[in-house]
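One structure is given here, and the rest of the page talks about it.
The values are calculated or read from the model by the stated rules, or taken from the named source; none is laboratory data. Quantities reported herein were computed from a predicted structural model and do not represent experimental measurements. Cβ placement follows ideal geometry from the backbone for every residue including glycine, while neighbour counts extend to all protein chains displayed.
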Amino acid sequence: MKVHRSVAVVVSLLASLTVPAATVPSATAAPAAFTHPGVLVSRPQLDFMRAKVNAGAQPWKSAYDAMRGTAYASLTRTAKPRAVVECGPYSNPNLGCTDERQDALAAYTLSLIWYVTRDARYAQKAIQIMDAWSATIRDHTNSNAPLQTAWAGSSWPRAAEIIKYTYTGWPNANRFATMLRTVYLPEIQNGRANTNGNWELSMMEAPLGIAVFIEDKAAYDKAVGIFRTRMPAYVYLTTDGSLPKTPPGSGIDTRAEIISYWHDQSTFVDGLSQETCRDFAHTGYGIAAAAHFAETARHQGQDIWGEIKDRMRHALGLHTKYENGDPVPSWLCGGSKSRELGPTTEVGYNALSTRLGIPMANTQKYTEQHRPQGTDNLFIAWETLTHAQNPS
C-alpha cells in the first residue's frame with residue numbers, strides 16, 4: 001500500500017517571483033436541519049440502488065454481487081479494535097491501521113447490504129463492528145495519524161448514517177457519535193496546509209461526514225471553509241493565472257516552491273493536479289475525496305458541485321485521457337506516468353455528466369471500462385453500485 005508523506009518545501013532565496021496565497025472565502029452556513037442519511041449517499045440514491053439490484057439491472061447487480069463476494073460482507077467478521085492506532089510512514093509501524101480502515105469499510109458494506117436485503121443480520125453485524133470500535137479506540141498516533149484518521153473517519157459516518165436512520169435498534173449510537181467527535185474530529189478538522197493535497201482533501205471529507213452525523217454546524221462550516229481554499233490549490237485552471245494557487249498557511253509562496261510542490265511540473269494546463277506528477281494513484285485519492293465532499297454537501301442542500309465543476313471535469317478528463325491510452329507528452333511529468341487512477345470516477349462522473357449534462361468522453365470511457373468499480377481498501381468503496389447513472 002502506498003502511504004502519503006508530508007511534502008518538505010525548500011525555500012529558495014533565489015526565486016524572484018512571489019505568489020500571493022489564496023484568500024479564504026467565507027463558508028456558507030450549514031443547513032438549518034441536516035438531512036439523514038446524507039453522507040455520500042442519500043435515501044433516494046439508496047432507493048434507486050436497491051430497486052436496480054432487486055430488478056437484476058446492470059451494472060448495479062454485478063457491482064452488488066462483487067461486493068457481496070468480498071470479506072467485507074461476511075457475517076462472521078470479527079472486529080479488531082485498538083485503543084491506540086499507530087500508523088507510521090509507509091505503514092511502519094502498522095498497529096491497527098489496516099484493521100481500522102477495513103473494519104470501517106466492512107461496516108459500510110454491511111449497511112449497504114442491509115439496505116438492499118432488509119436482512120437484519122447485516123445491520124446487526126455493522127452495529128457490532130461500530131460498537132467494538134466506539135468502546136475501545138482513544139487515539140491515533142505517529143506520522144500518518146491524520147491521514148489514517150481521515151480515511152477511517154470517512155467510512156464510519158457513511159455506515160452510521162444508514163444504520164441509524166434506516167434500521168431500528170442501535171442503543172450505542174450516541175457512544176459512536178462521541179467517538180467521532182472526541183477521537184476523530186480533533187485530529188483532522190484543522191487540516192494540514194503543507195501536505196500533498198490528497199491529505200487535506202481527505203481530512204475535510206471526514207469532518208464533513210462526521211459533522212452531518214453528529215449534527216455539528218460549526219464543524220461543518222469549518223470543513224467547507226478549508227475545502228474551498230484547498231480545492232483551487234489542488235486542481236489548476238488557466239483562469240488561476242500563470243501559476244497555481246497555494247494553500248493558505250502552507251508557506252509555499254515563490255515560483256520555485258510551487259514548482260517543487262507540484263512535483264517539479266512547470267507547465268500548467270486545465271485539470272492538472274498538484275499530485276499528477278507524483279503519480280495518478282494519489283491524484284485519484286484527492287479527486288475522490290473532493291467528489292465525496294461535494295456529494296455530501298449536496299445532500300445537505302449546498303451546491304459545492306457548482307463551485308468545483310470546472311476543476312473536476314477537467315481533472316477527470318485529463319487523467320482519464322492518459323489512463324485510456326493516449327501517449328503522455330514530454331512536457332507532462334517528463335513524458336511518463338503510472339496507470340493507477342483506481343476506482344475513483346463514478347461519483348464525479350455521475351454528478352457532472354448524469355445530473356449536470358456535461359459531456360465527458362474520456363471519463364465516460366474510463367468509467368464504463370472499469371465497472372464495476374470496487375474498493376481501494378482505504379476509503380473508496382462500491383461507487384458503481386451507489387452512484388452509477390443515479391439521478392437522485
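Here are a few things to note about the model shown:
- Scanning region 319-327 turns up no residue that is under 15 Å from the mean Cα position of the chain (by Cα) and either within 22 Å of LEU272 (Cβ to Cβ) or not charged (D, E, K, R) (or both).
- Being of a type outside the set (Asp, Glu), closer than 30 Å to LEU180 by Cα and either touching a strand residue (DSSP E or B) at 6+ places or on another chain (Cβ under 9 Å) or part of a loop (DSSP other than H, G, I, E, B) (or both) is a condition met by at least one residue of region 220-235.
- Given (1) modelled with pLDDT of 95 or more; (2) surrounded by fewer than 19 Cβ atoms within 10 Å (Cβ to Cβ); (3) hydroxyl-bearing (Ser, Thr, Tyr), number of the condition TYR72 does not satisfy: (2)
- Candidates THR195, THR168, THR182 - the one that is without any contact (Cβ under 8 Å) to a residue 24 or more places away in the chain and not in a helix (DSSP H, G or I): THR168
- Taken over region 236-281, the residue count meeting the criterion of being under 20 Å from ASN324 (Cα atoms), not charged (D, E, K, R) and not in a helix (DSSP H, G or I) is 6.
- Taken together, the residues in region 87-97 that are surrounded by fewer than 19 Cβ atoms within 10 Å (Cβ to Cβ) and of a type outside the set (S, T, N, Q) amount to 5.
- Selection count, region 338-365, where residues are assigned to a loop (DSSP other than H, G, I, E, B) and buried (at least 18 other Cβ atoms within 10 Å of the Cβ): 6
- Test: residue in region 130-143 that is within 30 Å of ALA193 (Cβ to Cβ), among the hydrophobic types (A, V, I, L, M, F, W, C) and either touching a Lys or Arg at 6+ places or on another chain (Cβ under 6 Å) or modelled with pLDDT of 95 or more (or both): yes
- Qualifying positions in region 75-111 - touching a residue at least 12 places away in the same chain (Cβ under 8 Å), in a loop (DSSP other than H, G, I, E, B) and on the phi < 0 side of the Ramachandran plot: LEU75, ARG77, ALA79, LYS80, PRO81, ARG82, ALA83, GLY88, PRO93
- Some residue of region 367-388 being farther than 30 Å from ASP103 by Cβ and either in contact with a strand residue (DSSP E or B) (Cβ under 6 Å, 6 or more places away or on another chain) or hydrophobic (A, V, I, L, M, F, W, C) (or both): no
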